[in-house]
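So the structure is just underneath, and the comments pick up after that.
The values are calculated or read from the model by the stated rules, or taken from the named source; none is laboratory data. Predicted model only: the values in this text are computed from it and were never measured. Here Cβ is always computed from backbone atoms with ideal geometry, including for glycine, and neighbour counts include all displayed protein chains.
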Amino acid sequence: MLRIPIAERPGWQKRAQEFGFEFHTMYGEKYWDESAYYQFSLEQIERDIESPTEEIHQMCLGVVDKVINDDVLMRRFCLPEAQWDFIRQSWLNGDPSLYSRLDFAYSGKGHAKLYENNADTPTSIYETGFWQWLWLQDNVDAGVLLPHSDQFNILQEKLVNRFKDIRYLTPDRVLHFACCKGTPEDRGTVQYLEDCANEAGLSTEFVYIEDIGRDAKGNFTDTKDQIIRFMFKLYPWEFMFQEEFSAQLGHNNIRWIEPPWKSILSNKALLPMLWKMFPDHPNLLPAFFEDELHLASGIDSLVKKPIFSREGSNISFIGDEKGVEASSGPYGEEGFIYQATHMLPKFGDSYTLIGSWLVDDQAAGISIREDRNPITQDMSRFLPHIIV
Amino acid sequence: MKRSKSINLDSMRKVKSASPLMRPLTLAIASVTLAACGSSEEEVQVVSSIEDCKVSTTLTQAQCEVAYQQALQEAERTGPKYSSQAACEAEFGYDQCNRSSQGSFFTPFMAGFLVSNLLDSGRSNRYNPVYRYPKSGSSDRIMTADGRVIGNAGQRSYKVDKSNLQSKPTVTRTVSRGGFGSVASAKSSWGGGKKSSWGG
């Protein structure tokens, strides 16, 4: 695994405009960064990332199956009791999942270590599935990269095929896509997934989360008063569970993507649970619930993570790495978990995180994020990669 | 190969190429052929009655009767709904609306329904209703139940997106909005007003 500088494609910003990639630069800072790329060997990809990704996903499904049948654990995961039936029913029905992203610390040597599972609302999928694919294609076409350069990125192909499966399981319904207002990044992500769904032959509509309505019977509606029967939402389940319309969840006939059972995996309580069920697994870091910290007595440094948090908010270090500045944010009221510190590898001045994508239960590609700080956040730069 | 074998760049393009005429002719022809191949459009006819359906399409009398009944049911379920006769007529014209069989709504009369010109069975096409939407100073437009205009009235055939041949969502009356999004809005004061993603 190497970080290799490369010339930017001349006029790539224009190409971004052509393909509707509008958030490559945000708030005056570079988000998409093609001044360098990462190079992997096929063995590093297949042995160290692809196969652990699929294995961990299966372990995570084991956690869901255990938690869903246990009221004490459902409470530990801070899931509101009023939604338990809704969550359980979606698991018992086998409601299909579209995608997830596992975040790993990996340096090219040794075992990739799982940081967390973005199982409910993973973003940066357009940059991964399409834009870095195009970057490689352009550089090969221009003779800058060798023709046999490859990339671990079957994401778009698998997304389209998965939408076809889900379409077959959900016949004759229009798929509504939704995200919040005022975030171009989320709107772009949702547009990309809508394009993939259309490619798979699904009819689609779009509605902002804030504009969703309800009729007298409790059906959810879009701004054209059409009843929603099938919805992709880029909005966390744990937010929806607390909101006014949550009383209708489970009482109106909707197929959700991601399904409600994903709220167990996008939850940081997953990490101590995995460690309990699969202790000493080479891809896991020791992790503990707050009231079980005595079990962590032999560990010098811990990372404190909120049960619910997004985009690296509210993370702090305890012990040897205390010097690292904590990240701020609006999360943490539901409590915290603790994970053994395992710093991200450094390439030059940058800390590097690997996102490993799953479509349903299959590993589908990777994305790479870089930051000057050891905590990766939503403004961390996105860099492409190749396999040679 | 560990990546997607091919991606249709034309379908991913959000801004259409500025001057397609500048491209070499052979390339232009090739791309037209390709576009037709993976096209999401389909040619349809608008028929106004069972009789019209029998005469102008390849469907049989029996098939046309089934199609007409299905279009009526779809109109009931998915068509525009108004709370008064006057509100409906303001959009669709005098004497163009009646009370729906459900009682509480007023809906415009169905002007006809869509029949695909493609002879491929095995697909579960719907026979969706269309409406005449008057436009002052020119011919009426033909509109689907969800308000998409497919062309002017009186054409022999129309090019429509395939989604118009699939089932449309049921239309209802919304009694309240804004029941989702409050947690994001409460948390969004973080980051100095910078609106960041709610994903991760």
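General remarks:
- Flag for residue A:109 being among the charged types (D, E, K, R), more than 9 Å from chain B (Cβ to nearest Cβ) and over 22 Å from the mean Cα position of the chain (by Cα): yes
- Of all residues making up the stretch A:230-246, the number that are more than 7 Å from every other protein chain (Cβ to nearest Cβ), outside any strand (DSSP E or B) and closer than 21 Å to residue A:166 by Cβ: 1
- Tabulated pairs, the stretch A:14-28, first within 7 Å of chain B (Cβ to nearest Cβ) and touching a residue at least 40 places away in the same chain (Cβ under 8 Å), second surrounded by fewer than 16 Cβ atoms within 10 Å (Cβ to Cβ) and of a type outside the set (Ser, Thr, Tyr), C-beta under 9 angstrom, 6+ apart or interchain: A:19/B:9; A:19/B:13; A:19/B:14; A:19/B:15; A:20/B:13; A:20/B:14; A:20/B:15; A:27/B:194
- Scanning the stretch A:330-352 for residues that are under 21 Å from residue A:319 (Cβ atoms), part of a strand (DSSP E or B) and not hydrophobic (A, V, I, L, M, F, W, C) returns A:338, A:339, A:346, A:351.
- Count - residues of the stretch A:132-162 that are within 12 Å of chain B (Cβ to nearest Cβ) and basic (Lys, Arg): 1
- Filter result for the condition that a residue is among the aliphatic types (A, V, I, L, M), at pLDDT 85 or above and assigned to a helix (DSSP H, G or I), over B:75, B:28: B:75
- Considering A:182, A:129, the condition of being within 10 Å of another protein chain (Cβ to nearest Cβ) and free of Cβ contacts under 8 Å to residues at least 24 places away in the same chain is satisfied by A:182 alone.
- A count restricted to the stretch A:209-229 and to residues that are hydrophobic (A, V, I, L, M, F, W, C) and in a helix (DSSP H, G or I) stands at 1.
- The lone exception for residue B:82 - which of (1) more than 14 Å from every other protein chain (Cβ to nearest Cβ); (2) at pLDDT below 90 it fails: (1)
- Candidates A:114, A:102, A:136, A:146, filtered to the one that is surrounded by 19 or more Cβ atoms within 10 Å (Cβ to Cβ) and more than 17 Å from the chain's Cα centre (by Cα): A:136
- Residue match in the stretch A:120-127 (condition: surrounded by 22 or more Cβ atoms within 10 Å (Cβ to Cβ), of a type in the set (Phe, Trp, Tyr) and in contact with a strand residue (DSSP E or B) (Cβ under 7 Å, 6 or more places away or on another chain)): no
- Conditions (1) free of Cβ contacts under 8 Å to residues at least 24 places away in the same chain; (2) buried (at least 16 other Cβ atoms within 10 Å of the Cβ); (3) within 14 Å of chain B (Cβ to nearest Cβ): number failed by residue A:224: (2)
Results for (1) facing chain B (nearest Cβ under 9 Å); (2) in contact (Cβ under 8 Å) with a residue 12 or more places away in the chain, shown as yes or no for each residue.
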residue	(1), (2)
A:208	yes, yes
A:219	yes, yes
A:248	yes, yes
A:269	no, yes
A:284	no, yes
A:297	no, no
A:304	no, yes
A:317	no, yes
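- Flag if residue A:192 is part of a helix (DSSP H, G or I), of a type in the set (Phe, Trp, Tyr) and away from chain B (no Cβ under 11 Å): no
- Residue that is surrounded by fewer than 21 Cβ atoms within 10 Å (Cβ to Cβ), without any contact (Cβ under 8 Å) to a residue 60 or more places away in the chain and among the small types (Gly, Ala, Ser), where the choices are A:94, A:108, A:62: A:94
Residues are listed down the side, and each one gets a yes or a no for (1) in a loop (DSSP other than H, G, I, E, B); (2) under 17 Å from the mean Cα position of the chain (by Cα); (3) modelled with pLDDT under 80; (4) more than 30 Å from residue A:245 (Cα to Cα):
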| site | (1), (2), (3), (4) |
| --- | --- |
| B:132 | no, yes, no, yes |
| B:139 | yes, no, no, yes |
| B:164 | no, yes, no, yes |
| B:183 | no, no, no, no |
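- Selection status of residue A:160, of a type in the set (Val, Ile, Thr) and assigned to a helix (DSSP H, G or I): yes
- Scanning the stretch A:353-388 for residues that are in a loop (DSSP other than H, G, I, E, B) and among the acidic types (Asp, Glu) yields A:360, A:361, A:378.
- Residue match in the stretch B:11-24 (condition: at pLDDT 55 or above, in contact with a strand residue (DSSP E or B) (Cβ under 9 Å, 6 or more places away or on another chain) and not aliphatic (A, V, I, L, M)): no
- Per the listing A:122, A:96, A:147, the residue uniquely in contact with a Gly (Cβ under 8 Å, 6 or more places away or on another chain), of a type outside the set (S, T, N, Q) and not in a helix (DSSP H, G or I) is A:122.
- Taken over the stretch B:151-183, residues that are more than 12 Å from chain A (Cβ to nearest Cβ) and free of Cβ contacts under 8 Å to residues at least 24 places away in the same chain amount to 3.
- Selection count where residues are touching a Pro at 6+ places or on another chain (Cβ under 9 Å) and at the interface with chain B (Cβ under 10 Å from one of its Cβ atoms), scope the stretch A:163-179: 3
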